[in-house]
Structure formats: structure tokens, C-alpha cells
Amino acid sequence: MNDKPLFVIKRNLQKSAQTGVTFQDQLEDENLKDICQKITGRSDYNCQYVENDYSDVFLANTYNKGRLATLRYGGYVHFITFSELAVEGRNSSIQSVPTAFNIFYMCPYEKKKLYYYFICKHGNPATDYHLFIYRLMQTVGFTFLNFPISSATTSFVTIEDMMRARDENRGTNRSNNSTYISKNEDGKYEAYCKTYGASKYESSLICYAMSMIIGHAEKIKLYEILEGNLNELPDSSLQVLRKMDTVDIIKTDLTFEKRIFEESRDNQLRSPRYQYNLLNKLGEKHCALCGCTIPDIIQGAHIWPVASIKAAKSISIDDKVRYATDGDNGLWLCENHHKLFDRNIIAIMSDGSVKYNHSLSASYIPYLHTFTENTQLPSMYLNDKFKHYVELRNRVLDAASFVRFKLHS
Ligand SMILES: [Zn+2]
């Protein structure tokens, strides 16, 4: 095959008509030459910029969604998506990525490949957040043709890897995440996704990466945390997820949460919104009292118990659901500590100190000491709402019968 490599590229971006800036303006011949060399080993190419109404099996009859170029050569089509010229907010830099992936993934042509190319001249494309996103992109099949830092990142091999990286990422950018990855007590992986605004791009990418890792071994539970406007993930993302066939999508809105609340028994509330709010406040599942991080045995423990909320007089059902799903009304506990807490063998005070009931037989107390590593909750737990829930819970306790743990030295 002696035909020259051929770029076919949509000239216009979504806003080209308003801004006057076309995609063609952003790409330099040097970029195309470099890409062509890297993909085909040749540096001579033809390039065809086409208008919005052009369409073929690779390009739809619309503006350039996903900042894509296509390069056709040797029977293959290569989809190349590009960074912005200026990488500024963490969201603007990734929003074209799921779109590009959607177009690539849904393209029926089999001999296809997917790449990413940096053309940014301003901003910082190598923050911890961006590096996390690049790892997700590699996991779903993007090959980076160039990289903004000297050493490239690698794809995620397990969902646990993703969970850990996500949580580390969170440390530097607290409560700025919109999507959480977790594992439930049945050992199933879960994603909790906000679906509005820029969150939908990140949510889509995280779900794709989880799907790629897990394959068809089992299904992931994807909880869409719907807010007032009830927007789901974009249709194009849902189409991809349906084709992947690896996720169960569960829409959770207030009606859904009310039903879970009303049907809950034994003080257990399997509420996605509660899980989401705890992940949002406290990070990845870890027992607040012993530090255990095995997600399968970590539970969201209510401070003001669900049974008491249910029994409370003159509170509307909407408010009850709000209290029962409030991230301040809880903490992560392992199953052991959860039971000890629910049976009031261990109690938490409004200053965050952890105490045990000294009416307990003395022979049990050394054991409690051994595995209760943390006897003072850190300040991040202790806001006014948290303290209020503790007071509601502890009203029924005899405070005098609780004593502090010896501090670990
Ligand atoms: Zn524990």
C-alpha cells in the first residue's frame, strides 16, 4: 500500500461559529507531521479539513466533537484526540475525552486505534488530578503519542488500584470529587456518580475504566446520584455503557431514597446517597476506630440511628430521609466496631473522644484496647451537625458509665 497517510479532520469545534476559532487554527503542521511519523513511520501525508456537514463511517454529520483528528493508513483508522491549547480548570481539560472515546468505541469499523496528543502551551497539564485522568485514559485504551512530563503514567490493573489512587488524589483536593469508586459488603464494585455539569465527563471515564478492568466477570453497580434537575449521564455515555454490558445503572433520586428508608429494617440502611455522602466527607472506606480498609467489611454507621429517626415525632418524611442519608450523621466502621457501637459497648462523645462501657466484664477490655487503635476522632469529623447527631444518640446513654480508652503510646 503506497498511498500516503491521510488526515481527515473536521474544521470546526462546537463554538467555532461564535468564537471564530476553528480546530484547524489550533493544529500546526508540525503536530500532524509528528503524529504521522509516530503512528505510521512516515512523515509525508495528505490532510483534508472538512466542513460540519461532511460524514463518513468515522465522522458524523456535525461539528468536531471530541477534538478529533482521523488518520487513515494501511487499512487502519487512527482516532487522535487533542488537549486544549491552555489546560486550565481540571474539568475543561477532560471534557472532550469521553466524547472522543464514545465516537471511537461506537464506530463499527474494526481496524481502529485511539490516541491522545498534547498541544497545550499554557497551564499545568501534569497536576495529580490530570495524572489520575491519564491513567484512566490508558486503562480504556488511549495511547499517548507525547506526554507532558518526562515519565509516562501506566494504566490501572485493578479497581483497588483505582480506588487508592482516587483517594490519594482526594487528599490534595478535598471534597472536590464528584465520582466515587467503592466495593460493597457483597464484594461488588460500585461507582457513585454525579451526573450534572462537568461531573458527567469524569463519571463516564471512571465507569469506562472500571468496565474495562472487570470485563464480563461480574457487573458493576453504577449509582447515578441525581440532583434537582434529574439529568442522567449523557445519552452517548449510556449507549457506550450498554454496549459494554458490564454495569447495572441505578438512578437514585429522592423517591428512590424514600422507598429504601421506609423498607429498611434493623437499623441497616442500604442507601446509595448515604454511601455517597460518607465517601464525600470521609474518603474511601476505612474504619474510624481501627483503620481497617478492607471495603467488604466496612459499613456506614449511623450516629443518630435509623430506628430513632423513624420513630421521631413531628418530622416530615423528607426530613427523615435527609437525616438518614446525611454524611455528618455517620462514620465508616468495620463490622466489629459497628456492632460494638450499635450495642453501646463503645460510644463516641461530641468532642470526638471514644469511650467504652465500663460495666463490661473486665476480661473483655484488653481486647477492646488492642483493636481500637483510634480513640479520638480527627477534627474533620467534628462539625456542628456531627455533634448534634451525637447528642441525639447519646441522650439515651448514661454518660457516667463510659470511660476513655487508655491512649496508645
Ligand atoms: Zn474497626
In degrees, nearest ten, helix 96-106 long axis to first principal axis of the chain (Cα): 70 degrees
Shape of the stretch 342-399, Cα gyration tensor, a/c cut at 1.5: oblate
13 Å beta-carbon shell around Gln24, net charge (K/R +1, D/E -1): -1
Highest-MSF residue in the chain out of Asp235, Asp128, Asp328 [GNM, Cα springs under 10 Å]: Asp235
Intensity falloff of the stretch 198-259 expressed as log10 I(q)/I(0), Debye formula with alpha-carbon point scatterers, at q = 0.15, 0.22, 0.28 Å⁻¹: -0.46, -0.90, -1.25
Ellipsoid equivalent to the chain - semi-axes via the Cα gyration tensor, in Å: 51, 21, 18
Residue of Arg273, Arg322, Arg395 that the Gaussian network model of the chain assigns the largest fluctuation, springs spanning Cα pairs under 10 Å: Arg395
Per residue accessible area in Å² of the stretch 1-85, where ligands, DNA and RNA are left out and the probe is 1.4 Å: 49 Å²
Value of [θ]222 nm, deg cm²/dmol, for the chain, DSSP H segments ≥ 4, -39500 (n - 2.57) each, nearest 500: -10500 deg cm²/dmol
Charge sum, other residues only, whose C-beta stays under 12 Å from Ala307's C-beta, Lys/Arg counted +1 and Asp/Glu -1: +2
Unit charges at the beta carbon, dipole of the chain: most positive-side option, Thr62, Asn184, Leu377: Leu377
The chain - percent of accessible surface contributed by carbon and sulfur, probe 1.4 Å: 48 percent
GNM flexibility winner over the chain from Ala301, Ala311, Ala100 (Cα, springs under 10 Å): Ala311
Helix 128-140 vs. the chain, principal-axis angle (Cα, 0 to 90°, nearest 10): 70 degrees
Principal-axis tilt of helix 159-172 within the chain, Cα atoms, nearest 10 degrees: 80 degrees
Highest average packing first - 181-187, 61-67, Cβ atoms within 10 Å: 61-67, 181-187
For the stretch 9-159, the fraction of alpha-carbon pairs in successive 10 Å shells from zero, as %: 10, 41, 38, 10, 0
Principal axis dimensions, largest first and in whole angstrom, of the stretch 246-371 by Cα: 48, 42, 25
The stretch 233-256 and the stretch 45-123: distance between their alpha carbon centers, rounded to Å: 24 Å
For Asn336, net neighbour charge (Lys/Arg +1, Asp/Glu -1) across residues whose Cβ lies under 13 Å away: -1
Cα shape, the stretch 1-61, gyration tensor, a/c 1.5 rule: oblate
Semi-axes of the equivalent ellipsoid for the stretch 92-228, Cα gyration tensor, largest first, Å: 23, 19, 15
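The values are calculated or read from the model by the stated rules, or taken from the named source; none is laboratory data. The structure presented is a predicted model; accordingly, all values stated were derived computationally and were not measured. Heads up, the Cβs are rebuilt from the backbone with ideal geometry, glycines too, and the neighbour counts pull from every protein chain shown. Please note that ligands, DNA and RNA were not included when accessible areas were found on the heavy atoms of the full protein model with its side chains. Shrake-Rupley method; radii C 1.70, N 1.55, O 1.52, S 1.80 Å.
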